[in-house]
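Okay, so here's the structure we're looking at.
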C-alpha cells in the first residue's frame, strides 16, 4: 500500500511540475508582448524588455512557479529566471524534457507574441531554480531549433 502511495505521489509531482513549466512559459512571453514594436535596434529592444520584466517581477505564475527576473545574454539572447516551489529532487528532468520541452519549442515556433524574437533570431533561455536557490535546469531555444 505504501509503495502505491509513493508512486501516486511521484506521478502527482510530475504532473504538477509539467503544468508549472508550461504556465511559466506562457507568462514569460505575455510579459514581453510589446517587444520589437519600436524602431530601436535589437540590443536596445532587449534591454527594454529586461526592464519591463524586472519591473513586473517577482510574479507568482502559479502555486509552484515564480518569475523572478530577466536578463540579456550576450547581444541576442533573452533569459527568464524562475523559482520552483519544489526541491531539485522533486523535479523529474526526464519527464520535463520528454513532455514540456517539445511544447515550449512548439510555442516559440508558432506564437504570435514571440514573432519578434523569431524575426530577430533571439536565443531564449528559461532558467529554473528550486526553493533552495539550487539550479534545476535550463531550456535554451536557439533560432536553429525554432526556425
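None of the figures in this text is laboratory data; all of them are computed from the coordinates on show. Since we're looking at a predicted model, the values are computed, not measured. Counting neighbours? That spans all protein chains shown, and the Cβs are built from the backbone with ideal geometry, glycine included.
Overview of values
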| item | result |
| --- | --- |
| Order of 80, 129, 146 under a 10 Å beta carbon neighbour criterion, fewest first | 129, 146, 80 |
| 76, 119 arranged by Cβ crowding within 10 Å, fewest neighbours leading | 119, 76 |
| Per-residue Cβ neighbour rank within 10 angstrom, fewest leading, 51, 100, 122, 73 | 51, 73, 100, 122 |
| Label-to-label distance, nm, for residues given as residue 71 and residue 134 (7 Å Cα→Cβ offset) | 2.1 |
